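Derivation of every value follows stated rules applied to the coordinates shown; laboratory data play no part. Note that the coordinates shown come from a computational prediction; the quantities given were computed from them, not determined experimentally. Cβ sites come from the backbone with ideal geometry, for glycine too, and all protein chains shown count toward neighbours.
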Amino acid sequence: ELKKLVKINDYEWEIPRQGEMRVPGKIFASQRLLEEMDEKVYEQVTNVATLPGIVRASIAMPDAHWGYGFPIGGVAAFDPEEGGIISVGGVGYDISCGVRTLRTGLKREEVLPQIERLMDELYETVPAGVGSEGEIRLSPKQLDEVLVGGARWAVERGYGEPEDLEYIEERGCMPGGDPDCVSLEAKKRQHRQVGTLGSGNHYLEVQYVAEIYDRRAAEAFGLEEDDVVITIHCGSRALGHQIATDYLPVLAKAARKYGIPIREKELVCAPINSPEGERYFKAMVCGVNCALANRQVITHLVREVVTALFKEARVSLLYDISHNTCKVEWHEVEGRKRRLFVHRKGATRAWGPGRPELPERYRAVGQPVIIGGSMGTASYILVGTEEGERKAFGSACHGAGRSMSRHQALKSFRAEHIIETLRKRGIVVRARSKRGVAEEAPEAYKDVDRVIEAACGAGLTRKVARLLPLGCLKG
Ligand code: 5GP
Ligand code: MN
Ligand code: MN
């Protein structure tokens with residue numbers, strides 16, 4: 001496998017252009033991560049490189065693994081002026097799945113004696129699990145407001161504080177959505193799912209800062225050693241999934257209509273400048289706003305629990321990032337600024353310093369990048385770099401990435417054993433489903449420290465803080 005790859009340096013590998021590839025492939029990884037990466041990543045990176053209008057390279061991050069069409073951990077940018085496409089497979093089923101981290105103003109020693117109680121109350125308060133439902137009930141028409149308003153909709157209704165919005169990508173609301181492009185079925189399925197965590201890989205984790213690597217960035221992000229933070233990982237629930245399901249056949253038909261050769265079913269796509277492509281984009285934006293509202297409502301629930309339990313708590317949003325999106329961004333490629341549709345699936349935006357999109361407080365240091373590890377290992381807060389903007393359209397990995405399929409994990413691990421082992425290590429797990437715990441066993445993921453070493457070694461990000469879990473709520 002390695003033979004077809006050209007080593008650029010210790011953390012960058014190129015799949016040279018060949019056959020129908022329009023651009024080379026690029027994999028950011030150490031040799032070891034590369035050897036462990038499933039072979040499908042190589043194939044999928046190559047397939048994506050053949051799509052019309054792709055610029056610079058088809059990219060995979062160090063946490064990459066097989067996904068529908070595009071690899072999870074895949075980044076690809078398309079130029080609409082050169083026939084560039086938009087693809088469901090490049091965004092993923094869980095549109096705008098993402099993570100947000102909240103500061104609590106609390107120290108580890110304050111929280112430790114109350115951790116069981118805190119996890120119990122979070123478990124009681126935050127709806128989680130397959131098909132879980134919350135207090136908010138919305139008719140399809142009311143849901144339209146969520147699809148346009150995102151986290152702003154939530155804050156306007158009292159879920160959260162206006163200041164939260166400053167610390168969300170797109171400032172809490174992505175423009176350009178059109179609820180008319182979202183099916184009634186999708187809206188109906190979302191009826192009672194706003195403000196719910198979902199299942200499996202989604203989590204709500206109480207963590208503490210175990211180590212600081214970059215004092216200046218940590219100070220800007222408001223982080224110190226032993227600070228307790230809470231991270232929420234979830235997406236657009238049933239709505240996002242239904243949008244993806246609805247548009248796969250639409251884009252399959254479009255690919256045939258516009259003569260785009262498709263190598264894998266889920267790679268179906270339409271030109272950005274086509275009615276089908278435009279409709280999918282507008283629907284996808286609705287999915288993004290749904291996810292932003294969802295994480296905002298959950299934040300409100302967390303804030304209520306934490307402030308009721310700890311008088312001194314002050315819950316503020318560090319940052320909210322989405323790792324399943326297609327965004328319109330300007331990038332300099334081949335010496336000119338171009339308006340590109342950047343697909344990041346299981347990949348995080350990671351702007352370097354100076355970008356006007358960043359909150360003022362972080363602008364001098366760069367964008368916070370939030371990386372999950374697993375319920376039993378470290379997670380990280382990183383910061384984006386200018387080098388990453390040049391090399392990967394300002395993108396980084398999104399987690400440790402799976403090393404084992406869910407099916408394989410289910411066969412290999414027992415939930416009770418995992419929960420007990422973690423308990424002995426001082427990590428309190430609360431879970432709706434045993435199955436979910438087994439599927440998400442820490443051993444089913446790659447070594448997050450090595451993934452981060454590669455992302456930073458390649459210059460895509462820098463380390464700011466290492467987080468360790470105190471308690472994890474699983475769907
Ligand atoms: P995904 O969005 O691809 O499902 O997951 C993102 C990343 O979250 C995974 O690659 C994995 O490293 C991480 N992750 C999954 N479960 C947990 C968990 O319970 N806690 C933490 N901190 N990270 C997790
Ligand atoms: Mn995710
Ligand atoms: Mn998700």
Viscosity 0.890 mPa s, temperature 25 °C, Stokes-Einstein D of the stretch 298-376 from Kirkwood C-alpha radius, µm²/s: 158
Dipole-positive endmost among L470, Y167, S322 within the stretch 2-474 (Cβ charges, Cα centre): S322
Peptides ranked, highest mean first, by Cβ atoms within 10 Å: ranges 140-148, 227-235: 227-235, 140-148
Separation in nanometres of the label points that stand 7 Å from Cα toward Cβ, at W330 and R361: 2.7
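Classify the stretch 109-178 from the C-alpha gyration tensor, please: rounded if a/c falls under 1.5, else prolate or oblate depending on whether a/b exceeds b/c.
It is oblate, given that a/c is not under 1.5 and a/b is not larger than b/c.
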Mean projection area, nm², convex hull over Cα of the chain: 19.9
Pairwise label distance in nanometres, K311 with N9, each label 7 Å out on the Cα-Cβ vector: 5.4
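My understanding is that a pair violates if its Cα-Cα distance is over 22 Å; which of K40/K345; K26/K345; K40/K265; K265/K411; K337/K391 do that in this structure?
K265/K411
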Fully extended contour minus Cα-Cα distance, from K253 to R216, at 0.36 nm per residue: 8.2 nm
Stretchable slack from E166 to Q142, in nm (0.36 nm times residue separation minus alpha-carbon distance): 6.2 nm
The stretch 416-471 - convex hull of alpha carbons, volume per residue in Å³: 99
Projected area averaged over orientations for the stretch 156-274, convex hull of C-alpha atoms, nm²: 11.6
Per-selection metrics, the stretch 206-349 (Cα): Rg and Dmax in Å: 20.2, 62
Length-normalised contact order for the stretch 264-354 - Cα pairs under 8 Å, 6+ apart - percent: 17
Cα-Cα separations in the stretch 38-143 greater than 25 Å, expressed as whole percent: 51
222 nm mean residue ellipticity, helices alone, for the chain (DSSP H n ≥ 4; -39,500 (n - 2.57); rounded to 500): -10000 deg cm²/dmol
Extreme residue, positive dipole direction of the stretch 2-474, given options A396, P368, Y445 (C-beta unit charges): Y445
Förster radius 25 Å - calculated FRET efficiency between E185 and K265 (Cβ-Cβ, nearest 0.05): 0.70
Cβ-placed point charges (K, R +1; D, E -1), dipole of the stretch 2-474 about Cα centre in debye, nearest 20: 920
Low-density loop positions, GluC sites (Glu not before Pro), the stretch 242-295 - DSSP coil, at most 16 other Cβ in 10 Å: E264
Where labels lie 7 Å past Cα in the beta-carbon direction, separation of H417 and V130 in nm: 2.3
